[in-house]
């Protein structure tokens, strides 16, 4: 019974933690710019994160090896170090954007000067990670992040054209005004997929599996959590896109602030819709900030071989503990300068897609190694899917920066 | 059947090192060998620390890594290695081998904070 409850809670946690500021901004904007057309990318990215998330969890459960052990062992020291630096820059930028998002949500909830709210958000996050256990962090932020389900009800209430929604789940090209808009569409394809397949999700998920003490008997549980939890999370991402299409496309509004998204719940459910959406966003952004700060610390500790984990007293994992504190402080320093969190998130997402192949390739090598994985080695189907996604993200990685420059960050 | 030899670069180098209590205490950053042309090659020690790891990088990267992370290296005699799996297990504790966490500068900061000694 306890196991079933754990699986159920973990599914809800995975779902509640699926959407963060980058995904929110890009899905709502994707809907506002191209209607339902990019829904297929949400589906494509979700299957991708399921494939690699499952693999990361399975490797951790079977061999107790988190992602950065594999990156160092399989990529070697020099390339591994390059991956570590790039991955931690992305974690830092994403953490900064989430803290900025938290402050914007607090501004809408309680009001006050932005910079003071940024500092308030920092103190709250430091308190939560220092004093709460890993399991408590997962549950509190994941479950309260589920309040964002108000966006799903809101999207349904706005009566989307379900036939068109169904058609948009298959790859398609929208009708656009100029050929240049196809480049903007391509930019959104790459950015949206990257925001769903952000590499920190696998760093955090595999390290979390070890924090939770998983072993080979948890391989099936891992599969259930990833497949159901991430799929339900994708429903939330899809709902944000539908809402963007229903609310903003007809009026030609480009929602640039995370707060614009709450217009959907406000229109449909009034004051309570607003409160539920903002509280849900607060915990979703807060959870993502914590996941990014901890991921940066996990990466450093795992690459250099330090003791790590929230399951140890902080003094027994001092370098790990100091690392996540420093990441929070640096992220706050970036955002307190007044830089736009949405701009930060855009750059972090494009930087993330560039390092995706360097993160996923070592995982794939290990997951298909029979000597290493024993009976839990990749099956043919999982193997084929993993190779397909590796090819896809490599193409995305190559095209990401040129598309960012040519389209001026999706502005056209 | 498993081969009766070790591929040092694949099975030892860059692997996680754990002490006798399974506490992580570094990576195999390099290997110290003895011998020469026409002589038998023997592993003397595993080297743990940024100083040893930096030697495997190009000059500029080596310089930066040493500046940022320091160049401390601990040489652990090969005879202290007791088990080789996906971890390299040592026969002594991290403290005995001078690889424990309390030697880091971070320990001084973190251990002074309230709650740092509790799980």
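Looking at residue B:94, is it facing chain A (nearest Cβ under 9 Å) and modelled with pLDDT of 95 or more? Yes; evaluated as a whole, the condition is true for this residue. Contact map, the range B:80-96: residues that are touching a residue at least 40 places away in the same chain (Cβ under 8 Å) paired with residues that are exposed (fewer than 15 other Cβ atoms within 10 Å of the Cβ) and outside any loop (DSSP other than H, G, I, E, B), Cβ distance under 6 Å, separation 6+ or inter-chain. Pairs shown: B:89/B:82; B:89/B:83; B:91/B:82.
The number of residues in the range B:6-37 that are touching a helix residue (DSSP H, G or I) at 6+ places or on another chain (Cβ under 7 Å) and assigned to a loop (DSSP other than H, G, I, E, B) comes to 5. Among A:276, A:300, A:263, which is under 19 Å from residue A:13 (Cβ atoms), crowded, with 18+ Cβ neighbours inside 10 Å and over 19 Å from the mean Cα position of the chain (by Cα)? After ruling out the rest, the residue left standing is A:276. Return yes or no: is residue A:71 out of contact with any helix residue (DSSP H, G or I) (no Cβ under 8 Å at 6 or more places or on another chain) and either at pLDDT below 95 or under 30 Å from residue A:367 (Cβ atoms) (or both)? So residue A:71 fails the test.
Restricting the search to helices (runs of 4 or more DSSP H) fully inside the range A:111-195 and requiring at least 2 residues that are under 30 Å from residue A:208 (Cα atoms) and more than 22 Å from the chain's Cα centre (by Cα) gives A:114-131. If you go through the range A:395-412 and pick out every residue that is modelled with pLDDT of 90 or more and assigned to a loop (DSSP other than H, G, I, E, B), you end up with 1. Could you list, in sequence order, all residues of the range B:19-29 that are more than 9 Å from chain A (Cβ to nearest Cβ) and in contact with a strand residue (DSSP E or B) (Cβ under 8 Å, 6 or more places away or on another chain)? If the condition is that a residue be more than 9 Å from chain A (Cβ to nearest Cβ) and in contact with a strand residue (DSSP E or B) (Cβ under 8 Å, 6 or more places away or on another chain), then B:19, B:20, B:22 are the ones that fit. Does residue A:16 meet the test of being at pLDDT below 95, away from every other protein chain (no Cβ under 14 Å) and out of contact with any helix residue (DSSP H, G or I) (no Cβ under 6 Å at 6 or more places or on another chain)? Here the answer is no, as residue A:16 does not meet what is asked. Restricting attention to the range A:318-346, the residues that are modelled with pLDDT under 95 and under 20 Å from residue A:20 (Cβ atoms) add up to 8. Could you go through the range A:211-219 and let me know if any residue there is in contact (Cβ under 8 Å) with a residue 60 or more places away in the chain, assigned to a helix (DSSP H, G or I), within 17 Å of the chain's Cα centre (by Cα) and more than 20 Å from residue A:25 (Cα to Cα). For the range A:211-219, residues in contact (Cβ under 8 Å) with a residue 60 or more places away in the chain, assigned to a helix (DSSP H, G or I), within 17 Å of the chain's Cα centre (by Cα) and more than 20 Å from residue A:25 (Cα to Cα): absent.
Looking at this structure, is residue A:212 modelled with pLDDT under 95 and more than 26 Å from residue A:347 (Cα to Cα)? Here the answer is yes, as residue A:212 does meet what is asked.
Scanning the range A:143-178 for residues that are surrounded by 17 or more Cβ atoms within 10 Å (Cβ to Cβ) and more than 27 Å from residue A:13 (Cα to Cα) turns up A:160, A:168. Of the helices (runs of 4 or more DSSP H) entirely within the range A:318-384, those holding at least 1 residues that are touching a helix residue (DSSP H, G or I) at 6+ places or on another chain (Cβ under 7 Å), crowded, with 22+ Cβ neighbours inside 10 Å and touching a residue at least 12 places away in the same chain (Cβ under 8 Å) occupy A:318-336, A:341-367. Hey, among A:202, A:251, A:268, which residue is modelled with pLDDT under 95, in contact with a helix residue (DSSP H, G or I) (Cβ under 8 Å, 6 or more places away or on another chain) and surrounded by fewer than 22 Cβ atoms within 10 Å (Cβ to Cβ)? After applying the criteria, what remains is A:268.
Scanning the range A:121-136 for residues that are touching a residue at least 24 places away in the same chain (Cβ under 8 Å) and either within 14 Å of chain B (Cβ to nearest Cβ) or crowded, with 21+ Cβ neighbours inside 10 Å (or both) turns up A:121, A:122, A:125, A:126, A:128, A:129, A:130, A:133, A:134, A:135. Against the criterion of being over 30 Å from residue A:3 (Cβ atoms) and modelled with pLDDT under 95, residue A:232 does not qualify. Of the residues screened, residue A:289 is one that is at pLDDT 95 or above, buried (at least 24 other Cβ atoms within 10 Å of the Cβ) and assigned to a helix (DSSP H, G or I). Among residues of the range B:103-115 that are facing another protein chain (nearest Cβ under 7 Å) and closer than 13 Å to residue A:130 by Cα, those with a beta-carbon under 7 Å from a residue that is assigned to a loop (DSSP other than H, G, I, E, B) and modelled with pLDDT under 95 at least six positions away or on a different chain give the pairs B:110/B:116.
Just one of the listed residues (A:60, A:103, A:86) is modelled with pLDDT under 95 and either surrounded by 22 or more Cβ atoms within 10 Å (Cβ to Cβ) or away from chain B (no Cβ under 11 Å) (or both), namely A:86.
The values are calculated or read from the model by the stated rules, or taken from the named source; none is laboratory data. From a predicted model like this one, the values you see are computed outputs, not experimental measurements. Backbone-built Cβ (ideal geometry, glycine too); neighbour counts: all protein chains shown.
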